[in-house]
Amino acid sequence: DMAVDAVGGDAPTPAGRPTALGPAAREDVPMADAGAGLPEAAADGSVADKSAADVQKMEEEDDDPVVQECDVFLNRMHDPPDFVGDLYVVQFPMRPIYRPYGDQGDLDRVELKQKGRRLRMTYKLAQGDNYDGDSVISEKMGGKRSVLAATVVSNNACSYAVGVIHQGKLTLIPVRGVNQLRPDFEDYDKDRPARSAPAAADAAGDAADRAAGGGSSGDSGPEDEAAAPTTLNVAELTGGPARVEFQAVQTFRGLARADAEPEVVEHWVRLDYYNQKSSEAMDIYEQHVVWPAAAAAQCEADGEEPDHPKLCPLAFDGDKETLLGTMCGQAVPSRRREEGSSKPDQDGLSVYVLSKMPPERQVEALVRQFVVLSYSRQLRKRLPPSTLRAHGKDEQLLALLRRCAVLVAGNWVLKSELVGYEGTEAFARDLLLMLLSRKNGKITFDEVQKWLGALERFRMPGKVLEEIASGVCHRETNGSLRLKNPPDDDFRRKFPKVIVEYDKWWDQHRAEQVAKLNTSGGRSSRGNPQQAGAAVAQRQRAKLMGEVREALAPGAVSLSELRRHIQKKNTTTVVREEELQQILALPEMEVVRIRELYVSGRTGNEANDKLRTVLHALLRGKDTVTMQDVAAEFERVHGEPCKVSSYVLRGFLREVAEKLDGAGETWVLKGALVRSDAQ
C-alpha cells in the first residue's frame, strides 16, 4: 500500500512556466534574442504550416496525460457507534541530519483539546550521554520529562485530506487539524520563581547593607547620578521574575474587541495511544481506514456488485450556491459554523446517542423530540449516517414513520397514544390534527371555537384542551392556531400518493373514533379525579420512556444516577425511583440489567448485539474482564471467532466498565471499585 499525503507543500513548478513571482528563468538556458526563432510570415501575413504544426506538437507534449483511473472512496471515519475518529497531521520539530529522532525518550502520555484541535505529547527523558541529572529541576515539577505542545495551523478557505491507495483504489480521509509541535517549557516557568528566590533575597540584603552604610563609594558625583538611567527591577518587587504578555481577544474577523466574552477554558483529555506497529493500530487501519477500498476490490475480483451501504455511490444534494461558494473559497465564519453545529446537540439527541438505538427507536426519538417533524429538513438531517446508508430509502423511512406518527400538512406528528392520550382526550387531539391537515396547518379563531364546541358534550377540562393545543400548535394574537412547523410543500411534491393516502385515512379514522366513543359513552375524566390522575400519569410515563432511552444510550448507569439525570429535565415534577423501575421493567424498553447497572439492550446491528450480549453475561458473574476473555467467551458461545474490531469492542467495554490503570487491557465493572472500598 502507498500512502499519499495531501498536506504537503507547493507542487514543483515546471521549468519555463510563469509562477506567482514572475517568469521562470534558468541560468543554464541562454536567453534567446528578440525575434529569434519566430516563424516567418508569408506574403498574405499567415504563419507557415510547418510552424503551426510545431506549435500544436508542443501543446500536445505539454499536456499532462492521464496515466491511470481509479475509484475514489470518501471515508470520514465517522460511523457511530462502531467507529468515530479524527485524523491529525502532526509536524515534529526539525532536527539536523546528524541527530535523528529516537533519543527523545519514551512516549508517556498523549492529551487532546478536541474543540481547540490541539495535541500535547509528553516523553520520559532518556538518560543517555546527553542527559545531565544535576541540572534538571525536581521530578515533582516534571523535570525528567519533555513536553511537545501543538500550535494549530488552520485555513478555513480550504480543506486537506490524506489519501491511501489500496489495491488500485483511492481512499480519502479528511484532515481534522494540522498540529505543529514545539517544546513546552511550562514546568520550567513554574519552577523558575522558586529557584530565583534565594538570589533575589541575597540581592535585597546587599541593597539593604549599602543603604545602611550610606551608599557606595564617593567616586560618583551628582553628574553621574543624574546621567544614570532609571531602572525598575520587577524581581525585587515580586520576589521573582515576571512575564508580561498581551493577549488580544479575537473575533472571527481577526479584530480585537474589548467587550468580547472570555473564552471557556478547555481542559486536556488524556488519550490511549498505540504504536504504529501494534495490532490495535493495524486493526484501525485495515477495518476503519482502507476497508471500503479492500471490500470493493474483493467484490471486483469475485465478479460481484458491492451491495454494502458504505460502498454505494454518493448522492449529492445539488446545492449550487454551496458548490460555487466552496470552489471560490467562500468559507463560513468559524463562529457561525460552530454555533450551527452546536444546536443539534442541545436537545441531547446527538448522532452518537441516536446511533446506539435501533432504527425504529431513532425515528421515534426524533418525532418525540420535535413532536411536529419535517421529513427532509429535520428527520433526514438528524439520522446517523449508518442509518441513512442501511435504511435511508424513502420507502423504508416512511414505513418507520407510519409506526409512530401521522401526516399533517406535509409534516409528521407523534401519534396520540404514544403521547399518552386515551379515550376522549385522544379523540380531541386527533380531531384537531385532522382540522390542521385539511386547512394546511392553520385554523382560524372561528374554527377553533367549532373544535371546542364539538367537544362540549365530553366536558373536558380547559387545562387539558390547552395542553393538547399547545403541544402541536402556536397560538397567534388573533386566536388562531398554527402548526409548529410550516406546511412541508416539498414533501407534498415528492410524495403525492402519501398525501392522498392520509387524506382518506383521516376521514376513516374520524368515523372509527366517533363510533368508538358512542359505544363507550364518551365519558370524560373531568368528573372522576382518579381517572384524571391516571391520564396525567400515563402522559408522564410516556414522556419518561423516551427520556430513559436517551439516558441509557451512552452507557450503563445506576438507578440513582438515572433518577438524577431525569430529574434535571423535569423541574416541575418529582421523579421517583419506583416509577423508573416500572418503566425499566417494560418489555418494549429492552433494557438490560447488570447487577446494579442498567444499559440499553438491542442496537439493531446483529453482530454488535451478539458481542454485547456475551460481554453483559460475563460481567454479571465477575467484576473484571479482559479483551481476551470476551473474545474467548464469544467463540465458545457462537462457535466462531469474533469479527468485530478491537476498537468497537473497547467502545462496548466503556459502556459498562472502566479501564484499570497500569493493568493492560483489564476492565472493571462500573462502580465495582467503589463498592469494594465501601465494604
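Miscellaneous remarks
- Percent breakdown of C-alpha pair distances by 5 Å bin, ordered from the shortest bin, for the stretch 548-679: 2, 9, 19, 21, 19, 14, 9, 5, 2, 1, 0
- Using the Cβ of Arg549 as centre and a radius below 11 Å, the other residues enclosed give a net charge of -2, where K and R count +1 and D and E count -1.
- Estimated Rh, the stretch 412-475: Kirkwood, alpha-carbon pairs, angstrom: 12.0
- Since only Gly410, Gln396, Gln369 are under comparison, the one whose Cα sits farthest along the positive direction of the charge dipole of the stretch 367-416, derived from C-beta charges on Lys, Arg, Asp and Glu, is Gln369.
- Segment Arg76..Ser470, full-extension length gain: 137.8 nm, with 0.36 nm per residue of separation and the alpha-carbon distance subtracted.
- Table column - 3J(HN,Hα) (Hz), the stretch 363-369, Karplus curve with 6.51, -1.76, 1.60, x for Gly and Pro: 5, 5, 5, 5, 5, 5, 5
- Once the Cα-Cα distance is subtracted from the 0.36 nm per residue extended length, the Val84 to Lys393 segment shows a gain of 108.9 nm.
- Here the stretch 593-614 and the stretch 377-391 have alpha carbon centers that stand 23 Å from each other.
- Cross-link check: pairs Lys113/Lys310; Lys568/Lys622; Lys115/Lys320; Lys484/Lys543; Lys115/Lys484 evaluated at a Cα-Cα cut-off of 24 Å; pairs beyond the cut-off: Lys113/Lys310; Lys568/Lys622; Lys115/Lys320; Lys115/Lys484.
- Along each principal axis, taking the top coordinate minus the bottom one, the Cα set of the stretch 376-444 gives 40, 26, 18 Å in descending order.
- For Leu559 and Arg510, the difference between the fully extended length at 0.36 nm per residue and the C-alpha to C-alpha distance is 13.4 nm.
- Pair Asp106, Asn155: separation of 7 Å Cα→Cβ label points (nm): 4.0
- Pairwise Cα distances in the stretch 347-395 exceed 15 Å for 36 percent of all pairs.
- In order along the stretch 537-543, phi translates into HN-Hα couplings of 5, 5, 5, 5, 5, 4, 5 Hz, rounded to whole numbers, per the Karplus curve 6.51 cos²θ - 1.76 cosθ + 1.60 with θ = phi - 60° and x for Gly and Pro.
- A dipole drawn for the stretch 456-523 from +1 and -1 charges on Cβ atoms has a positive end, and of His509, Cys473, Pro496 the residue lying farthest that way is His509.
- Using a Förster distance of 22 Å, the FRET efficiency for Lys310-Leu418 (Cβ separation, nearest 0.05): 0.10
- Overall dimensions of the stretch 555-627, expressed as equivalent-ellipsoid semi-axes from the Cα gyration tensor (√(5λ), whole Å, largest first), are 26, 14, 10.
- Derived scalar couplings ³J(HN,Hα) [the stretch 289-299; Karplus, 6.51 cos²θ - 1.76 cosθ + 1.60; whole Hz; x for Gly, Pro]: 10, 9, 4, x, 5, 5, 5, 5, 5, 5, 5
- Highest to lowest packing among 173-182, 401-410, 470-479, scored as the average C-beta count within 10 Å: 401-410, 173-182, 470-479
- Two-site label geometry, His638 and Ser279: point separation in nm, points 7 Å out along Cα→Cβ: 1.7
- Neighbours of Glu476, meaning other residues whose beta-carbon lies under 14 angstrom from its beta-carbon, give a summed charge of +3 when Lys and Arg score +1 and Asp and Glu score -1.
None of the figures in this text is laboratory data; all of them are computed from the coordinates on show. Bear in mind that the values here come from a model prediction, so they are computed numbers and not experimental data. Cβ atoms come from the backbone with ideal geometry, glycine included; neighbour counts cover every protein chain shown.
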